[in-house]
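Since the structure comes first, as structure tokens, the remarks are kept for the end.
Readers should treat all values here as calculations from the given coordinates under stated rules, not as data from a laboratory. A quick note: this is a predicted structure, and the numbers were derived from the prediction, not measured. Every residue, glycine as well, gets a Cβ built from its backbone with ideal geometry; the counts of neighbours run over all protein chains shown.
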Amino acid sequence: MTAPLLRVDALRAGYGQLEVLDRVSLEVLPGEIVSVVGANGAGKTTLLLSIAGHLSPFGGTVQLDGHDITGLQAHEAAARGLVLVPEGGRLFPFMTVLENLELGAYHRAARARMAQTMEEVFDIFPILAERRGQLAGRLSGGERQMCAVGRALMALPKLLMLDEPSLGLAPIMVDRLFDQVHTLVKSKGLSVLLVEQNVGNALRLCDHGCVLDHGELAKRGTGAALLSDPDVQRFYMGL
Ligand SMILES: Nc1ncnc2c1ncn2[C@@H]1O[C@H](COP(=O)(O)OP(=O)(O)OP(=O)(O)O)[C@@H](O)[C@H]1O
Ligand SMILES: [Mg+2]
């Protein structure tokens, strides 16, 4: 059996006294896309923040490539290959596309390879090459997400974690972005942990998926199995 790239075991996390995640366990294999879907407030962002080291877990463990990274600071986790694209992308609006991308390559190994990675990012998202001198704040929603993913790629991730990249995008832009993510994964052997409220798209894209409900993993399976699950269809897809 292939060893998982990411292994999350019984993770508990929250804010102050509020426990949001209740012993969440999941795995992402190398080269795999895993989607976590769930309603507003289910704890999806909390899950990514606590895996990425932006939030200290209350309990449980996070392993990357067989190494325990529980409680590491986000920049340390990123240097080991675990990179989060936060909700909304969080670009620096008064910096150019190029400057935002350069900021992604902040650790030593990434900096040494910056020019080459930038070319690869421009191959995947040609619009970023065209807009490289433009302020990030003037990009369209879709371009902003591409720039945010591009900036994450500049850090040479093994595991890319995406928090609701489809939020606020027109359906055609969502399709395009998800196609680009798929191409990226299959061409570079990256792994992706994707969190989405756009359940249909997320489950169509992924190899495996799970449903997060009030901080607990309620269901898991292949994307195809979850897509045809009557409860998933009724509660999350309005079918
Ligand atoms: N900074 C915070 N302080 C206190 N409570 C928070 C904080 N951030 C989120 N919460 C609470 O934690 C719970 C889970 O929120 P979270 O943002 O993880 O959900 P989500 O699944 O990402 O939702 P959405 O789909 O709206 O992005 C919610 O009840 C929310 O109110
Ligand atoms: Mg969220």
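If you count the DSSP beta bridges with both ends in the chain, what percent of them are antiparallel, to the nearest 5? Walk me through the numbers before you get to the answer.
On the way: 21 of 39 bridges.
Roughly 55 percent of the DSSP beta bridges within the chain come out antiparallel.
Which aspartates and glutamates does K158 reach when only Cα atoms under 16 Å apart count, and residues fewer than 8 places away in its own chain are ignored?
E27, E32, D65, D68, E76, E120
When every alpha-carbon pair in the chain is counted, what percent end up more than 27 Å apart?
31 percent
Mind giving me the FRET efficiency for Q73 and S228? R0 is 30 Å, r the Cβ-Cβ distance, nearest 0.05 is fine. Provide the component values of the computation, followed by the final result.
Details: r = 41 Å, r/R0 = 1.36.
Plugging the Cβ-Cβ distance into 1/(1 + (r/R0)^6) gives 0.15.
Under 1.5 on a/c is rounded, so check that first for the stretch 116-218, then, if it is not, pick prolate when a/b is larger than b/c and oblate when it is not; a ≥ b ≥ c are the square roots of the alpha carbon gyration tensor eigenvalues.
Prolate.
Please give the helix 141-153 orientation as an angle from the longest Cα principal axis of the chain, in degrees from 0 to 90, rounded to the nearest 10.
The answer is roughly 90 degrees.
Only Lys, Arg, Asp and Glu count, each charged at its Cβ (+1, +1, -1, -1), so figure out the dipole size of the stretch 60-135 about its Cα centre, rounded to 20 debye. Let's see the in-between values first.
Values: 7 positive and 10 negative charges, 37 e Å.
It comes to approximately 180 debye.
If the chain between R138 and D179 were fully stretched, how many nm would it gain, using 0.36 nm times the residue separation less the Cα-Cα distance?
Gain in length upon complete extension: 12.4 nm.
Helix-derived [θ] at 222 nm for the chain: sum -39500 (n - 2.57) over DSSP H runs of at least 4, divide by residue count, nearest 500? Spell out each step's value before the answer.
Working: 11 runs with 94 residues, N = 239.
Here the helix-only value at 222 nm equals -11000 deg cm²/dmol.
How many angstrom lie between the Cα centre of the stretch 107-129 and the Cα centre of the stretch 77-92?
For the stretch 107-129 versus the stretch 77-92, the Cα centre distance is 15 Å.
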